[in-house]
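Engineer: The following block contains the structure, expressed as structure tokens.
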Amino acid sequence: MKLNIAIVGAGVSGIILGSLLKKYLNVNISIFEKRNQLFNNINGLQLTPNSTQILDLINFSEIFKKEEFLSIEKLKVHDLYSGELLSEILLKFNQKQKYISINRSLFLKNIFQYFKLSENIVYEEIKDIDSHNNEIIVKNNKFFFDYIFLCDGIFSKLKKNIADQSISFSGLYALRGTYDLTNDNSSNINLWLGENEHLVNYKINNFEISQYNYVWITKNLRNLPISTQNYDENNQYLHEMFKEKFSEKFNFIGKTKSISVWPIYKTKNIFFGYKNIFCLGDSSHGFIPSRAQGASQAIEDAYVLFKLLEKNNLNQKNLANQRLGRIKRIISKSEKTIFIYHLRNSLLKFFRNSFLKIFSNSKIFSTLLNKDIFNFKL
């Protein structure tokens with residue numbers, strides 16, 4: 001008899017898990033998603049070699065045309081205020097290790113269509129989960145599943161029956177915008193370091209008119225009239241403040257198509273689930289985004305769960321044995337990275353900047369910096 005699998009949420013972890021299961025295992029899959037429109041916005045996604053090697057298992061090169069994503073070569077680090085180039089950090093060492101950027105909606109849409117996941121999706125909001133009987137409750141009807149995978153983000157409402165939902169505001173806000181440029185040959189990520197803030201921008205495709213994504217992460221919004229509760233799709237007040245602060249430094253500000261802001265939360269504890277209910281991605285281990293590991297760790301989660309299920313070894317203990325140590329290391333690196341990016345002390349900034357200049361374009365430095373993140377064994 002086929003296993004009945006429920007995936008809650010059609011984000012990165014949910015779509016990748018569904019694709020792996022559909023390609024390799026003979027199981028019944030239901031993907032529950034409360035949103036009717038899934039792929040209608042533009043925002044950037046960075047995917048590092050630890051996750052792109054997993055994407056190769058689901059035929060990435062067949063799903064995506066070369067112009068639909070960008071192969072990243074370097075991270076160019078600048079001073080946010082002076083504009084000085086501090087360092088160039090290599091991100092592409094060989095053809096096997098792919099570091100890419102892509103439009104998140106296009107990424108999910110193409111995979112969704114390639115694996116015909118429309119056959120599996122259920123556009124319904126789940127009312128509750130019966131954790132004792134492994135049942136999902138939709139419109140007062142109960143449906144049994146052998147395994148339930150929660151991929152519904154850091155604000156998951158369905159974790160309440162199986163875990164303490166403790167999350168905390170990090171003190172950081174993220175502001176994101178997009179813009180277009182014509183005939184631009186850039187293949188780098190640009191990072192600007194400031195005091196309690198940093199800004200990243202990068203191209204997300206290789207079309208003749210290329211799309212760019214930028215993200216500003218800052219602590220400097222704490223005293224402004226911006227909610228710490230909601231994702232604000234179009235905050236005009238913040239848009240004007242951002243333009244006033246950076247329009248003279250960055251000419252792309254005037255080309256911005258859309259801008260949104262959201263508070264960055266993190267889970268207080270890593271939680272993988274209870275019995276046959278498993279948490280993936282941000283619902284398990286939401287953390288401050290850094291080193292491009294938000295989506296990549298969600299993809300790793302999906303792969304590990306798939307492999308354990310394939311080997312008939314899926315349980316909470318085995319999942320924790322494979323994921324807990326790595327997730328803790330990634331979170332630690334993320335928080336240390338934010339601290340280094342946001343230095344305010346002049347002496348510490350001097351040492352940081354000097355170090356970056358000395359090791360600019362050093363393959364050895366780049367390898368040591370990234371090997372613990374990029375090297376994920378399949």
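The values are calculated or read from the model by the stated rules, or taken from the named source; none is laboratory data. These numbers were taken from a predicted model, which means no experiment stands behind them. Positions of Cβ are generated from backbone atoms using ideal geometry, with glycine treated the same way; all protein chains shown enter the neighbour counts.
Engineer: Condition check: touching a Ser or Thr at 6+ places or on another chain (Cβ under 9 Å), farther than 30 Å from Gly83 by Cβ and among the aromatic types (Phe, Trp, Tyr). Does Phe149 satisfy that? Outline the logic, then answer.
Structural biologist: Working: touching a Ser or Thr at 6+ places or on another chain (Cβ under 9 Å): yes; farther than 30 Å from Gly83 by Cβ: yes; among the aromatic types (Phe, Trp, Tyr): yes.
Yes: the conditions hold for Phe149.
Engineer: Now a separate question. Report, by residue number, each residue of the range 175-196 that is modelled with pLDDT of 90 or more and among the hydrophobic types (A, V, I, L, M, F, W, C).
Structural biologist: Ile189, Leu191, Trp192, Leu193
Yes or no, residue by residue, for (1) exposed (fewer than 14 other Cβ atoms within 10 Å of the Cβ); (2) in a loop (DSSP other than H, G, I, E, B):
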site: Phe39; (1), (2): no, yes
site: Gln46; (1), (2): no, no
site: Glu67; (1), (2): yes, no
site: Leu70; (1), (2): no, no
site: Leu86; (1), (2): no, no
site: Lys98; (1), (2): no, yes
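Engineer: Which is in contact with a Ser or Thr (Cβ under 7 Å, 6 or more places away or on another chain) and either under 29 Å from Asn36 (Cα atoms) or not acidic (Asp, Glu) (or both), of Lys159, Lys142, Lys127? Break it down into steps so the answer makes sense when it comes.
Structural biologist: Working: Lys142 fails: in contact with a Ser or Thr (Cβ under 7 Å, 6 or more places away or on another chain); Lys127 fails: in contact with a Ser or Thr (Cβ under 7 Å, 6 or more places away or on another chain).
After applying the criteria, what remains is Lys159.
Engineer: Out of the residues in the range 125-157 that are in a strand (DSSP E or B) and of a type in the set (D, E, K, R), which is farthest from the chain's Cα centre (by Cα)?
Structural biologist: Lys142
Engineer: When you go through Phe246, Phe271 one by one, which is the residue that is over 16 Å from the mean Cα position of the chain (by Cα) and within 16 Å of Leu199 (Cβ to Cβ)? Lay out the reasoning, then the answer.
Structural biologist: On the way: Phe271 fails: within 16 Å of Leu199 (Cβ to Cβ).
The match here is Phe246.
Engineer: Here is a follow-up. Which count do you get for residues in the range 341-377 that are under 21 Å from the mean Cα position of the chain (by Cα) and either of a type in the set (D, E, K, R) or crowded, with 16+ Cβ neighbours inside 10 Å (or both)?
Structural biologist: Initial filter on the range 341-377 (under 21 Å from the mean Cα position of the chain (by Cα)): 341-342, 369-377.
Retained after the next criterion (residues that are either of a type in the set (D, E, K, R) or crowded, with 16+ Cβ neighbours inside 10 Å (or both)): 341-342, 369-374, 376-377.
The qualifying residues number 10.
Engineer: Follow-up question, since we're still on this one. Would the range 259-272 turn up any residue that is over 15 Å from Asn201 (Cβ atoms), buried (at least 23 other Cβ atoms within 10 Å of the Cβ) and not aromatic (Phe, Trp, Tyr)?
Structural biologist: yes
Engineer: Same structure, new question: Can you tell which of Lys92, Lys142, Lys109 is within 30 Å of Leu158 (Cα to Cα) and either surrounded by fewer than 12 Cβ atoms within 10 Å (Cβ to Cβ) or at pLDDT below 95 (or both)?
Structural biologist: The conditions single out Lys142.
Matching residues to (1) surrounded by fewer than 20 Cβ atoms within 10 Å (Cβ to Cβ); (2) at pLDDT below 90; (3) within 27 Å of Phe272 (Cβ to Cβ); (4) not hydroxyl-bearing (Ser, Thr, Tyr):
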| position | (1), (2), (3), (4) |
| --- | --- |
| Lys127 | yes, no, yes, yes |
| Val138 | yes, no, yes, yes |
| Ser166 | yes, yes, yes, no |
| His198 | no, no, no, yes |
| Asn201 | no, no, no, yes |
| Ile226 | yes, yes, no, yes |
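Engineer: Out of everything in the range 48-65 that is in contact (Cβ under 8 Å) with a residue 24 or more places away in the chain and outside any helix (DSSP H, G or I), what residue ends up being farthest from Phe250 (Cα to Cα)?
Structural biologist: The residue in question is Asn59.
Engineer: So how many residues does the range 19-37 have that are of a type outside the set (Val, Ile, Thr), part of a strand (DSSP E or B) and in contact with a Lys or Arg (Cβ under 8 Å, 6 or more places away or on another chain)?
Structural biologist: 1
Engineer: Moving on. Of the numbered conditions (1) at pLDDT below 95; (2) hydroxyl-bearing (Ser, Thr, Tyr); (3) closer than 22 Å to Leu55 by Cβ, Ser131 fails exactly one; give the number of that condition.
Structural biologist: (3)
Engineer: Could you name every one of the helices (runs of 4 or more DSSP H) located completely within the range 257-367 that has at least 3 residues being under 27 Å from Phe93 (Cα atoms) and of a type outside the set (D, E, K, R)? Steps first, please.
Structural biologist: Working: elements: 282-285, 294-310, 316-341, 346-358.
Because the criterion is at least 3 residues that are under 27 Å from Phe93 (Cα atoms) and of a type outside the set (D, E, K, R), the helices (runs of 4 or more DSSP H) in the range 257-367 that meet it are 294-310, 316-341, 346-358.
Engineer: Determine whether the range 316-329 contains at least one residue that is surrounded by 18 or more Cβ atoms within 10 Å (Cβ to Cβ) and touching a residue at least 60 places away in the same chain (Cβ under 8 Å).
Structural biologist: no
Engineer: Counting just the residues of the range 291-315 that are polar (S, T, N, Q) and farther than 15 Å from Pro49 by Cβ, which one comes out surrounded by the fewest Cβ atoms within 10 Å (Cβ to Cβ)? Break it down into steps so the answer makes sense when it comes.
Structural biologist: As a first pass, look at the range 291-315 and keep what is polar (S, T, N, Q): 293, 296-297, 312-313, 315.
Next cut, farther than 15 Å from Pro49 by Cβ only: 312-313, 315.
Numbers: Asn312: 6, Asn313: 12, Asn315: 13.
Ranking the qualifying residues of the range 291-315, first place goes to Asn312.
Engineer: Somewhere in the range 112-124, is a residue under 23 Å from the mean Cα position of the chain (by Cα) and part of a strand (DSSP E or B)?
Structural biologist: There is at least one residue in the range 112-124 that is under 23 Å from the mean Cα position of the chain (by Cα) and part of a strand (DSSP E or B).
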